[in-house]
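This report concerns only the one structure given below.
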Amino acid sequence: MTMLGVLGLALTVLLLLAVPIAFALVLSATIAVLFVGGIDLMIVPQQVYQGLDSFLLLAIPMFLLAGELMAQGGMTDRLLGFSNALFGRFRGGLAMSNVAAATLMAGISGSAIADTSALGKVLIPSMIKAGYGRGFSAALTAAANVVGPIIPPSITFLMISVLTNLSPLKLFMAAVIPGLLYSGAMLLTAGVISRRRNYPTHEAVDGRGMWLACRRAFWALAMPVLLIVGIRTGVFNVTESSAVAVVYALFVGLFVHRELDARKVWRAVVGSARATAVIMIILGGAQIVSWFLAYEQAPQRIADWMLGSISGPMMFLLVVNVLLLVVGTFMENAPALVLLCPVLYPVAAKFGIDPYHFSMIVGINLLIGLITPPVAICLSIGALIAKAPSDEVNREVLPFLGAAVFVVFLVTYVPAISLWLPSVVGGR
């Protein structure tokens with residue numbers, strides 16, 4: 001059996017045995033080296049380390065910490081208040097506020113899982129108390145927060161930048177309009193369902209109330225603007241901007257809102273450290289598998305096959321969309337990116353597809369896996385908070401999944417959605 005055959009078989013068996021994905025990746029690579037031979041076993045720890053040896057990856061723990069500090073420091077609650085002031089007057093206004101709050105939070109943490117947990121703990125019980133179904137509340141919250149890693153800052157697109165050497169700023173800019181389009185689709189879907197089910201409305205907020213809600217949320221609303229302007233003007237780069245976000249969240253939580261204390265700061269540090277550890281271990285483990293693929297020239301073989309079997313770029317994009325939706329259903333986006341980027345990007349380049357446009361297709365497709373059963377991490381978190389049966393939540397998420405897939409195909413076949421803003425803003 002070839003090395004790739006042993007690697008694939010070992011990885012499949014370990015995943016079926018419910019071994020965590022990061023350890024399964026490292027163990028399967030070690031088994032492949034031991035059984036096939038011809039390669040020094042030291043290649044495994046060397047490649048694991050190389051997978052983590054990137055200055056840009058320092059942004060991941062910092063953005064996660066900034067998001068945790070904002071949640072602990074009261075900024076999240078103020079964003080929710082502002083969202084309710086905007087949408088509370090409409091039928092299903094609390095559901096719409098959920099989507100709006102997720103969109104606003106997306107410019108802070110860059111993590112769908114973190115945002116689902118933070119917002120879900122507040123919004124899901126509020127929605128259930130207001131008369132919304134448990135399954136609907138969980139499904140909506142999970143689906144809305146998928147926008148977290150799309151709108152910058154985005155951990156997913158930071159990883160793509162590391163894997164492909166593309167400009168992180170251009171990736172961030174390319175993701176803005178697709179992210180807003182995704183949120184718009186979730187907002188519309190939530191509104192239609194709420195109207196059909198006659199979900200409640202809330203008292204309209206007058207101009208003065210709107211101004212007060214906006215003023216209370218000012219510091220949270222200003223944070224994404226500060227980061228993007230700072231990066232674009234060259235005051236700091238993407239990695240440094242993550243440290244600026246942490247300092248900003250600390251300053252606002254300690255001296256403006258005065259809701260942070262030593263206990264909450266420590267809780268935020270611990271929470272972000274755990275999330276960072278999971279991401280980094282996965283990246284390190286996936287790197288060794290990626291090295292094996294390159295060693296066996298698997299990307300070149302697949303590229304040759306695709307170029308010989310697929311008639312043109314439109315068909316290639318259709319095949320890629322289906323492939324990524326299936327992969328995202330069963331695998332987390334971090335290892336999926338490390339495994340697929342070396343294979344798909346060279347083929348996309350040969351078909352003449354812009355790499356920034358292609359990055360949006362890859363990133364958004366895999367992120368939809370966060371709400372696609374059976375894995376569906378965000379959906380599981382929402383169901384846990386709502387105390388709703390999984391079959392009910394899975395049923396309720398279907399309209400949102402349909403809307404998400406529609407957005408993916410729109411982004412796929414209308415490249416200007418991804419490429420217009422980077423062409424205007426520029427950046428390196």
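A short reminder: the numbers here are calculations on the coordinates, not readings from a lab. Predicted, not measured: the structure shown is a model, and the values here were computed from it. Quick reminder, even Gly has a Cβ in these numbers, built from the backbone with ideal geometry, and neighbours come from all protein chains shown.
Of all aspartates and glutamates in the structure, those lying under 13 Å Cα to Cα from Lys121, and not within fewer than 8 positions of it along the same chain, are Asp77. Ignoring aspartates and glutamates fewer than eight residues from Lys387 along the same chain, the ones with Cα atoms less than 16 angstrom from its Cα are Glu396. Placing pseudo-labels 7 Å out from each Cα toward the beta carbon at Ile377 and Thr12 gives an inter-label distance of 2.5 nm. Note on Asp261 and Ala277: the extension gain reaches 3.3 nm, defined as 0.36 nm multiplied by sequence separation minus the Cα-Cα distance. Grouping the Cα pair distances of the chain into 20 Å bins from zero gives a pair-distance distribution of 26, 58, 16, 1 percent in increasing distance order. Ranked by the mean number of other Cβ atoms within 10 Å per residue, highest first, peptides 314-323, 21-30, 355-364 order as 355-364, 21-30, 314-323. Between amide H atoms placed 1.01 Å from N, distances below 5 Å from Phe90 occur with His202, all of them 5 or more places distant or on a separate chain. A simple spin-label model places the labels of Val322 and Arg91 3.8 nm from each other, with each point 7 Å out along Cα-to-Cβ.
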